[in-house]
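Since every read-out is calculated from the coordinates, none of them should be taken as a lab result. All values reported here derive from a predicted model rather than from experimental measurement. Note that each Cβ is placed from the backbone with ideal geometry, even for glycine, and that neighbours are counted across all protein chains shown.
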């Protein structure tokens, strides 16, 4: 007769062990994501060993408390020597258990969590569960047998899709692929326990994944799919892509244990490579950038209605982001005829998304049903958040914020999409300084992932928490910054474009610079980007801040870019892309002569160094001034806002890789050409104390 449930914590304290009716229940209790750190691995290992020894136990369930099944390992531990048991050792122990092991999965089983689930003999999942291998996005491959177990179940096509893309799949697709044995709508723990109890009563044996062969049913077709994926990804710059395709092939061609060894070697080769270091840094930078102790433990306010003040492209794009976040949206502006065109512009953009297959027609219609256009600020009386999205004009912004503040709800939160105006002054104008912050969207605001959030000393913690949560719900990556002129993005772009313009003065051509930066990994070169956005929009009133007079001369000549037919390039109707603009090249030659400069050629590497060092130097000034909390915040801004290639982490990490002493020495030499290159004072402190920007990121 069963003596009843017996419950105890393992020695790790992060795993609970319980036996009931012949079933051992192993529960991970390591919130918030039940990461598979060493104490958790040790606890699961101890629990599996106990279940194996206990003759009264006939089956095992591995599950987790809180919001998710173990979501994987801690990224910060990837380069450390794993303490025993390693995840690979744990997975082999789970798989070798003589009693059936059921993984009960809810939330996300990603990376190491997915590998643990694959090592179990049976898998059950809640309908909302998701499965995936994001390692490729960090420049890595699995390291606990995932690349060898997965193809044995699902074959080459599904394995390659999961491992190469890094994108997760839902429980329904996982079940269709054979990864999940059963999906339940609710009561997962009860269902998993019942299934395991039945297995114990029936004496069901274990089903090691290593012995599965379904995925190898057609070896010739399997190898065809592997080779086809190799050809498709041949130009991928990320070494991990080729290695993970090799591992899927290895799963078929080599014995299981040999495949595990090949996988481990591939992981070790990749984990300290520059690309993997950059991708890990990018991941951590974006995660840190929206965090602050100010909002620790503070709950954001509910947001149902968002008011957007404005009638231009920025207001339109912010409104579409708010609609995508699920809120009711009111676009409001008094005394401006442009307001009447907002609805049509939003409908047109969403219509194109439907035509392109990026959005379902029903989703478009539902979003438009939540959109209201109004020409009186009284319409904002029920808004939870009001976002002012007017052009950078401090007088107009202050005037409008004062009028809106007088009519909005007393509990409303106010935000201004500004980078150049004085934020405390706007906060005072709103009449609610405790409920105000800058929320700077980057054009095109419906697609650009960056939002800079700058609170003042008066901003209440729950207001800041609400704006951070709202940005994430819009699909943005929020970066916190102090309310200084230019915030971070504008200052970094000014430095980047200044370096590019100085290269033109010294003899490089716009196409040379653009090609070099695209070769580095930027989605567009600096002059292409300015032409597409419009030089008048990019520089506004800041053209005089550029270290070169070229942008100012371009604007004086009304060479704004693609919209006007000429910018740094000439755009002819029907032609694809831009061509050399003789007028611009002549203007640059005249400026070079005026400054007494000698034209010279630049290698691709020299162009890249000048652009990257300019960004790093401006980033150093932002760190030194306290505009950002840490150097990686600068990297996050460039990754999210400008498309800096993730595999290189950001300009601050690139400066670390180039070594601060060498960067300062190089810029000191360049400063003889132009004072723009004068190194920030922070470089001296870093060199004196032997510090890097990454050291500052890790500082408490």
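Relative to the longest principal axis of the Cα atoms of the chain, the long axis of helix 239-253 lies at roughly 20 degrees.
Take the Cβ-Cβ distance between residue 374 and residue 573 as r, set R0 to 25 Å, and report the resulting FRET efficiency rounded to the nearest 0.05.
So, using R0 = 25 Å, E works out to roughly 0.05.
Taking 0.36 nm per residue of sequence separation and removing the Cα-Cα distance, the residue 272/residue 230 pair yields an extension gain of 12.8 nm.
When only Cα pairs under 8 Å and 6 or more residues apart are kept, what is the percent relative contact order across the stretch 211-324?
Numbers: 31 pairs, mean separation 15.9, N = 114.
Across the stretch 211-324, relative contact order equals 14 percent.
Place a point 7 Å from Cα of residue 580 in the direction of its Cβ. Which residues in the stretch 555-569 have their backbone N less than 17 Å from it? Only 567-569 pass the distance filter.
The distance linking the stretch 489-507 with the stretch 33-53 is 54 Å (Cα centroid to Cα centroid, whole angstrom). By how many degrees, between 0 and 90 and to the nearest 10, does the Cα long axis of helix 461-473 differ from the longest principal axis of the chain? That works out to roughly 80 degrees. Seen against the Cα atoms of the chain and their longest principal axis, helix 489-505 is set at about 60 degrees. Under the criterion of Cα pairs below 8 Å and six or more residues apart, the relative contact order for the stretch 299-486 equals 23 percent. With R₀ set to 41 Å, the beta-carbon distance separating residue 661 from residue 187 gives a calculated FRET efficiency near 0.10.
Mind pulling the per residue volume of the convex hull built on the Cα atoms of the stretch 59-185? Å³ is fine.
Details: hull volume 13.1 nm³, N = 127.
Spread over its residues, the Cα hull of the stretch 59-185 gives 103 Å³ apiece.
Sequence-distant contacts, meaning Cα pairs under 8 Å at least 6 residues apart, place the relative contact order of the chain at 9 percent.
I want the antiparallel fraction of DSSP beta bridges within the chain, as a percent rounded to 5.
On the way: 21 of 64 bridges.
For the chain, the DSSP antiparallel bridge percentage is about 35.
Across q = 0.08, 0.17, 0.18, 0.20 Å⁻¹, the stretch 299-486 modelled as identical point scatterers on its alpha-carbon atoms has Debye log10 I(q)/I(0) values of -0.22, -1.04, -1.17, -1.47, in the order of the q list.
Note on the stretch 6-269: Rg/Rh from C-alpha atoms, Kirkwood Rh, equals 0.96. With the simple model of a label 7 Å out from the Cα in the direction of the Cβ, residue 462 to residue 336 spans 3.1 nm.
Hey, with R₀ at 35 Å, roughly what FRET efficiency would residue 218 and residue 52 work out to, going by the Cβ-Cβ distance, to 0.05? Once the sixth-power term is evaluated, E becomes 0.45. The stretch 107-186 and the stretch 661-700 have Cα centres spaced 44 Å apart.
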